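Notes for the one structure printed next.
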Amino acid sequence: MSKRRFYVTTAIPYVNGDPHLGFALELVQADVLARHRRLRGEDVRFLSGTDDNSLKNVEAAEAAGQPVDEYVREKAQRFAALEGVLSLSYDDFIRTSVDPRHAPGVERLWRACAAAGDLYERDYEGLYCTGCEAFLAPGELVDGLCPEHGEPPERVAERNWFFRLSRYADRLLEEIESGRLRITPEHRRNEVLSFVRGGLADFSVSRSRERARGWGIPVPGDPSQVVYVWFDALGNYVTALDYGGGGEPYRTWWEGAGERVHVIGKGIIRFHAVYWPAILLSAGEPLPTAIFVHDYLTVDGSKLSKSAGANADPVPLAARYGVDALRWWFIRDVPRSGDVDFREELLAARANELANGLGNLVNRTIALLPPNGIAPAPPPDEAAALTAALAHLSGVIDEALADADYRAAADALWEVVTEANRFVSAARPWEADGERLDGILTVLVEACEQIAHELRPFLPDAAARIEAALGCRDPELGRSLFLKAATRA
Ligand SMILES: [Zn+2]
């Protein structure tokens, strides 16, 4: 039987600014999922990228006095550079304005929807928020402003291509209610269901070439229009798999994956849980199997879109505190739902926690090991709680991550670290010798090895350092190095 396949993506951000902590959170969450599945022996493909074909990017380039392609290239590089800053493990990174796989894929998707009879032209007038890159219904405005961006939308009247979203309400409900398309957390699923039950209006999927300043992918057969940036951007999840070329990656990683998971922020849930699945239904392609929705970070109490400066920039924070501390903060402090406020002292606290709890455990264990190794010996009575916690650890992590509950996984890991330190204090190895000392150290070495192993998806750098310190990358090798079969004197 072939291995299970897991395809995971992040949203692709606009590049009208520098990457901030909120997107770093999303990258780390998706990276944890990808690394965790690889660790469990699954075949994994992890995709990220940048949404280049946005009007927002055009406006930002104009404000900066730069040609759009040059501006977009420079900004996109900063996003791509997060791979090193955050120790990410993506397999692919798509830039929608230059990747040769993208436009043919978007065109194929367009033609498939057109062939299904779901695209038509009509005159339209509405309120457009460039921040959202979407038309807003008057009822969605708060005091005349976009609730997400706090800006007044612009009145736009033009002839556009529309997608018959209204046709797909029943099928969307069926997909979501049956759990074939899982949306988590639960209240986000309910939010989508009530939106769909409230009735779906067709939505515009093109812009005049003029209003788009000529930036974007021309509508197939209608060069006076460019493809709406969301239709374009959502397509990246399949265009990066060579959907346009009908290639093997698409068959393997979309059609052939057991799970197709999108990790996104709450602000774009409607695009991912309604528009995107409807486009795929129209095109006759499989839907994602799950959408994991995270909430937002504020920084020192301010919304990230508003707060500028170093406190929201992951690059200097990772340089100052280390990538492990930053990842650990994301994993340990960000709840499954509810916004959370970032402050630098919280990061310092998590860095200290790692050093004092985990670093100390590993250092003590290594310091206690006699130079000629130890012989395996039965665990002392004090080890019962620790061995029980270790036995359950991987199962608890699997369950937590299946539900996108990173914090529950981190809590389980940290309970084991705490229990191991408690065991050292209770067992007092510095007063022990002979078989009792070997028994204590056998338990401790195994605990450190297992903690490092399970820590790999969360803190890959720290895990590698611990494994190197324990003299191994492979637990079996480590055991043979530390637990010499040679008999004790
Ligand atoms: Zn908006």
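Things worth noting here:
- Calculated FRET value between residue 63 and residue 210, using beta carbons and R₀ = 25 Å, to 0.05: 0.80
- The stretch 43-73 and the stretch 295-367 have Cα centres lying 28 Å from one another.
- Accessible area per residue for the chain, computed on protein heavy atoms with a 1.4 Å probe, is 41 Å².
- Rounded FRET efficiency, nearest 0.05, which uses the C-beta distance separating residue 285 from residue 154 and R0 of 30 Å: 0.35
- The Cα center of the stretch 431-446 and the Cα center of the stretch 101-121 differ in position by 66 Å.
- Highest mean packing first, where packing is the average number of other Cβ atoms within 10 Å per residue, the peptides 318-327, 216-225 line up as 318-327, 216-225.
- Distance in nm between pseudo-label sites at residue 193 and residue 140 (7 Å out along the Cβ direction from Cα): 2.3
- Beta bridges from DSSP with both residues in the stretch 231-356: antiparallel share about 20 percent, rounded to the nearest 5.
- Pairs of lysines in the chain (C-alpha under 21 Å apart; 8 or more residues apart or interchain): 7
- Computed FRET value (nearest 0.05) for residue 399 with residue 436, which takes r as the C-beta separation and R₀ as 35 Å: 0.50
- Whole-angstrom gap from the stretch 231-249 to the stretch 130-151, using each part's C-alpha centre: 30
- Relative to the Cα centre, the charge distribution of the chain, modelled as +1 at Lys and Arg Cβ and -1 at Asp and Glu Cβ, gives a dipole magnitude of about 640 debye.
The values are calculated or read from the model by the stated rules, or taken from the named source; none is laboratory data. In this text, all values refer to a predicted model and were calculated from it rather than measured experimentally. Glycine gets a Cβ as well: all are built from the backbone with ideal geometry, and neighbour counts include every protein chain shown. Calculation scope for accessible area: heavy atoms of the full protein, side chains included, ligands and nucleic acids excluded. Shrake-Rupley method; radii C 1.70, N 1.55, O 1.52, S 1.80 Å.
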